[in-house]
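S.K.: Below is the structure I would like to discuss, written out as structure tokens.
The values are calculated or read from the model by the stated rules, or taken from the named source; none is laboratory data. What you see is a predicted model; the values in this text were computed from it and never measured. Counting neighbours? That spans all protein chains shown, and the Cβs are built from the backbone with ideal geometry, glycine included. For accessibility, only protein heavy atoms count, side chains too; no ligands or nucleic acids. Shrake-Rupley method; radii C 1.70, N 1.55, O 1.52, S 1.80 Å.
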Amino acid sequence: MTVAFPEGFLWGAATAAYQVEGAAAEDGRCESIWDVFSRQPGRIANGDTGDVAADHYHLLGADLALMSGLNLNAYRFSVSWPRIVDDDGAINRKGLDFYERLVDGLLERGIRPFLTLYHWDLPQRLENRGGWADRDTAQHFADYTQIAHETLGDRVHDWTTLNEPYCAALLGYGAGVHAPGRREPRAAAAAVHHLLLAHGSARSVIGDRNSVGITLNLYPVDPADPNDQVDVDAARRVDGLQNRIFLDPVLRGAYPSDVLGDLEALGFTDHIKPGDLELIGAPLDTLGVNYYTGHHVTGRPGGHTAEWIGSEHVHAVPRGLPTTAMGWEELPEGLFRVLNRLHTEYPRLPVHITENGAAYDDVPDAHGYVEDHARRWYLERHLRAVETAIGAGVDVRGYFAWSLLDNFEWAEGYGKRFGVAHVDFDTFVRTPKLSGRWYATVARANALPE
Ligand code: IFM
């Protein structure tokens, strides 16, 4: 029996500007924190940078054709802030032209554009003034949103304010493994609130004419020993910092009180001003969920140290599941748990799975073709979890495979490949992988095979 998805379900793939575009110094694009960070020795595997990435900026036509060939009816991309706003805060027309060509090309092919405003490429000029640790950055983000929306709001219905603010704040300002590479727990805490303020401000700029959402990377979090109070409390803290610190203000208009307690020593509440939570908690049209794995944690010594600020005694403990090339455990039922939790614990909203996918050590043949059975299985098992959630009443409207293309995987550089299409980084030729061909048949049938 095939497993059919609801009529009108969106079958998409996702990318992000810095990971695919390249053309880092072309047509007036200014520097972002990722340009600066990736040039610093030792930050990125193999000394890679996103200067050329997958050269999507120049290969737009080929990539649009690729999307059509994969039977996509939706495409999620991000706009590069430093490409469309220059260092004086003025509009860079040439940068905007690129996104107009992209959006028009998508619409001509019947592919619905899903636009993300912030996928981590903060203009360096704003980092020089404090970055996300500084409250003014939220207002600059609102100004940038206005520019993007005035130009593209007539053709793009689906707007996402932020991608994974957890990573931008905690990995960028706490763990220092993402740009701007700061290891300042207090700045990370400030960045969480200022990113959410930026989300709320952008939401209000876009208004009600279009659909607005935010994309969060959500995880099921389990204690290594559910009978050990120390582990149970470690799981609570991680769930707080990873999931609830974003879900609660956005969907309920308040930070969770236990998380406020956990972050008290970092001065988190000092940043919350009157009116902020009303702005942050303004109703949304959809929630974007990025899902890759789950967390299994202990508060006892042992395991890996992770990036949960203010939780230095919490460690991740492997549970012996198969892992992807990122070392992330495969836990498809965790996607069901995340979706079901949203359905039962939060005000119900339509959900889009805005990212799901896996890196494996692909081996292309002489024609660039990759028989990536592991990735195809990963996608299928997660899609079955989505279907189970839909059957349980969760309003999931679409699924975006991460990623359309092999690309610049942040600190891992080009060594970790997530694409359903292979990219030869010497010739930039794109070749759909076995997983991409399989995904195209699923998208066309709007159903999973038996
Ligand atoms: O590549 C990233 C993406 O930019 C954000 N979500 C997770 C992906 C895989 O690490």
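S.K.: Could you check Ser257 against (1) in contact (Cβ under 8 Å) with a residue 24 or more places away in the chain; (2) polar (S, T, N, Q); (3) surrounded by fewer than 14 Cβ atoms within 10 Å (Cβ to Cβ) and say which number it fails?
M.R.: (1)
S.K.: Which ones in segment 320-343 are over 22 Å from Phe246 (Cβ atoms), in contact with an Asp or Glu (Cβ under 8 Å, 6 or more places away or on another chain) and of a type outside the set (Val, Ile, Thr)?
M.R.: Leu321, Pro322, Ala325
S.K.: Residues that are within 19 Å of Phe5 (Cα to Cα): list the strands (runs of 3 or more DSSP E) wholly contained in segment 377-450 that include at least 1 such residues.
M.R.: Qualifying strands (runs of 3 or more DSSP E): 396-402.
S.K.: Tell me, which residue of segment 380-411 that is hydrophobic (A, V, I, L, M, F, W, C), open to solvent by less than 20 Å² (accessible area, probe 1.4 Å) and within 14 Å of the ligand (Cβ to nearest atom) is nearest to the chain's Cα centre (by Cα)?
M.R.: This residue is Trp402.
S.K.: Collect the residues in segment 157-180 that are surrounded by fewer than 24 Cβ atoms within 10 Å (Cβ to Cβ) and aliphatic (A, V, I, L, M), keeping them in residue-number order.
M.R.: Listed by number, the residues that qualify are Leu171, Ala175, Val177.
S.K.: Anything in segment 426-436 that is open to solvent by 50 Å² or more (accessible area, probe 1.4 Å) and touching a residue at least 24 places away in the same chain (Cβ under 8 Å)? List them, or say none.
M.R.: Val429
S.K.: The conditions are (1) open to solvent by less than 40 Å² (accessible area, probe 1.4 Å); (2) of a type outside the set (Asp, Glu); (3) touching a residue at least 60 places away in the same chain (Cβ under 8 Å); (4) under 27 Å from Ala175 (Cβ atoms), and Ala421 fails exactly one of them. Which is it?
M.R.: Of the numbered conditions (1) open to solvent by less than 40 Å² (accessible area, probe 1.4 Å); (2) of a type outside the set (Asp, Glu); (3) touching a residue at least 60 places away in the same chain (Cβ under 8 Å); (4) under 27 Å from Ala175 (Cβ atoms), the odd one out for Ala421 is (4).
S.K.: Can you find even one residue in segment 9-21 that is away from the ligand (no atom under 16 Å from the Cβ) and free of Cβ contacts under 8 Å to residues at least 40 places away in the same chain?
M.R.: No, every residue in segment 9-21 fails to be away from the ligand (no atom under 16 Å from the Cβ) and free of Cβ contacts under 8 Å to residues at least 40 places away in the same chain.
S.K.: Scan segment 96-128 for residues that are of a type in the set (A, V, I, L, M, F, W, C) and more than 16 Å from the ligand (Cβ to nearest atom) and jot them down.
M.R.: Leu96, Phe98, Leu102, Val103, Leu106, Leu107, Ile111, Leu126, listed by residue number.
S.K.: Another question, then. Is at least one residue of segment 298-306 in a strand (DSSP E or B), modelled with pLDDT under 95 and open to solvent by 30 Å² or more (accessible area, probe 1.4 Å)?
M.R.: yes
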